[in-house]
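For reference, the structure discussed in these notes is given below.
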Amino acid sequence: MACNTLSTCLPSAQIYPSTGFLSRVKRGIGNASVIRAVVVDRNPSVKEITGFSSLILRKTLTKPAVLETVGRGIGTEKFGRFGGKYVPEILIACLNEIEAEFNLVLRDAEFQDELATALRDYVGRETPLYFAQRLTNHFKDNKGEGPDIYLKREDLNHGGAHKINNAIAQAMIARRLGRTSAVAATGAGQHGVATAAACAKLGLECTIFMGTKDMEKQSSNLFLMKLLGAKVKPVDGHFKDATSEAIRDWLANLETSYYLSGTVVGPHPLPSMVREFQSVIGKETRRQAMEKWGGKPDVLVACVGSGSNALGLFHEFIDSKDVRLIGVEGAGFGLESGRHSATLARGDVGVYHGAMSYLLQDEEGQIVEPYSIGTGLQYPGVSPELSFLKDTGRAEFYTATDQEALDACQLLCRLEGIIPSLEASHALAFLNKLCPTLPSGTKVVVNCSGRGDKDVGTLFEHKRCSM
Ligand SMILES: Cc1ncc(COP(=O)(O)O)c(C=O)c1O
């Protein structure tokens, strides 16, 4: 049976939002009638309901809260006005179960020991904080002054990116919950590879949804996922479309399947959970900085797709107000071209895939297709927590174009012998603008979120390498 609408894929008793759902909506955004009309009258597709976004809702939003007055701890469901759980009632019990287990494992010594061992012996942590001497020299001015640039080498993780930090931990939660399979969506393929590897290690079946357009660009990761035993299901489109399909698949198999989210978006507790498992990046950075120069970093820079590598690095330092936090989004062909993925720079607030955040959307609240040469940056929404850090001014957000990212990628190859992913290259690209503004000796840490092996086809196409 085709499963195009909630009524065709779920028993009718579960289609209609209960008063619980509506009151949550009300608490979150105060306009339950709009959602009631959409859900009850129009019998929408699962994609439509999980991808809900509306200008009308936006008009009801309250002013952002200040950083100090709003919790951003582990159990936080909302980050100021952002986050929440805007999902059909059928998902609430499942999300609550995951949240309860997540809270348990945080204090469970056995889980923590197993995770620490896996991160050390399987993932390969800790990752180095590498002093990029020649890159540092490159950015010195004619008096020989400039910042010191360090790279947090997440590209050296098993699988080639930061994604495995979270995938292994969530796969362990799935196993504890008695699930036999995991389902995930991937854009650049890095989360797909990480999930496939974690599932193989833990004996879980694995299904990965991937956009057909992303499959073409990231074909090496597609093969790796298959080699690792995952079923890969193609979805017309990109990462956002694959995410909708993965959620649809999960909805149909809630008893046996676990939705292994790869980034800090989606309904609570998914953003907090992924953030928590990625925060190892910042914790290590703090310790390594202390060992290397006896202090904190002055500036942290990370690319922002949906936000997991950025928050992973930033989270440890949010309360250290003397540390600048800088996120760099994909400006694609340029912000004015309309072909970019700069959600924080150019988006408006709305609800998508179950949570409120900044979103790329048109005047009618319809999602605008994101674009970046960094496949993993192409998502129309973004982390609720990063949305909150933008509103409170605690983090700064800038953009880098495709061309700037390609140049930065090539520069790192030539100066340091490191091939960064095109996603991470956006963070590196921002150094061009940042470095001349910094006092000499400023300690800058750039998150090298992944390695660029998967991007050689694109680099070849753009004549950055030849046969
Ligand atoms: C190497 C790499 N960096 C960054 C990203 C962007 O995701 P996020 O913003 O969640 O870190 C991706 C996504 O696939 C990725 O593969």
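The table below gives the values:
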item: Residue within segment 148-155 that is within 11 Å of the ligand (Cβ to nearest atom), in contact with a helix residue (DSSP H, G or I) (Cβ under 8 Å, 6 or more places away or on another chain) and among the acidic types (Asp, Glu) present; result: yes
item: Residues within segment 195-222 that are in a helix (DSSP H, G or I) and either among the charged types (D, E, K, R) or more than 16 Å from the ligand (Cβ to nearest atom) (or both), tallied; result: 9
item: Matching residues in segment 176-194 - criterion: being within 18 Å of LEU251 (Cα to Cα), in contact (Cβ under 8 Å) with a residue 24 or more places away in the chain and either touching a Pro at 6+ places or on another chain (Cβ under 6 Å) or away from the ligand (no atom under 16 Å from the Cβ) (or both); result: LEU177, ARG179, THR180, SER181, ALA182, VAL183
item: Members of segment 157-194 found to be part of a strand (DSSP E or B), hydrophobic (A, V, I, L, M, F, W, C) and under 17 Å from the mean Cα position of the chain (by Cα), listed by number; result: ALA161, VAL183, ALA184, ALA185
item: Yes/no for GLY365 being in a loop (DSSP other than H, G, I, E, B), in contact with an Asp or Glu (Cβ under 7 Å, 6 or more places away or on another chain), away from the ligand (no atom under 16 Å from the Cβ) and not acidic (Asp, Glu); result: no
item: Lone qualifier among LYS454, LYS443 - being surrounded by fewer than 24 Cβ atoms within 10 Å (Cβ to Cβ) and not assigned by TED's automatic domain parsing to the domain that holds GLY80; result: LYS443
item: Which listed residue is polar (S, T, N, Q), more than 16 Å from the chain's Cα centre (by Cα) and away from the ligand (no atom under 13 Å from the Cβ), from SER272, SER337; result: SER337
item: Hey, VAL264 within 14 Å of the chain's Cα centre (by Cα), β-branched (Val, Ile, Thr) and modelled with pLDDT of 95 or more or not; result: yes
item: Boolean, THR399 is touching a residue at least 40 places away in the same chain (Cβ under 8 Å), surrounded by fewer than 24 Cβ atoms within 10 Å (Cβ to Cβ) and not acidic (Asp, Glu); result: no
item: Candidate set from segment 435-459 (those that are more than 20 Å from GLY332 (Cβ to Cβ) and part of a helix (DSSP H, G or I)); member that is nearest to the ligand (Cβ to nearest atom); result: ASP453
item: Filter pass, ARG464 being within 9 Å of the ligand (Cβ to nearest atom) and not small (Gly, Ala, Ser); result: no
item: Residue ranges of strands (runs of 3 or more DSSP E) in segment 309-359 with at least 3 members touching a helix residue (DSSP H, G or I) at 6+ places or on another chain (Cβ under 6 Å) and buried (at least 20 other Cβ atoms within 10 Å of the Cβ); result: 324-332, 355-359
item: Pairs with Cβ under 8 Å, 6+ apart, first in segment 73-98 and within 30 Å of PHE317 (Cα to Cα) and surrounded by fewer than 16 Cβ atoms within 10 Å (Cβ to Cβ), second small (Gly, Ala, Ser) and modelled with pLDDT of 95 or more; result: ILE74/SER272; GLY75/SER272
item: So THR136, is it outside any loop (DSSP other than H, G, I, E, B), of a type in the set (Val, Ile, Thr), loosely packed, with under 13 Cβ neighbours inside 10 Å and more than 16 Å from the ligand (Cβ to nearest atom); result: no
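The values are calculated or read from the model by the stated rules, or taken from the named source; none is laboratory data. Since we're looking at a predicted model, the values are computed, not measured. Here the Cβ is made from the backbone with ideal geometry for all residues, glycine too, and neighbour counts use every protein chain on show.
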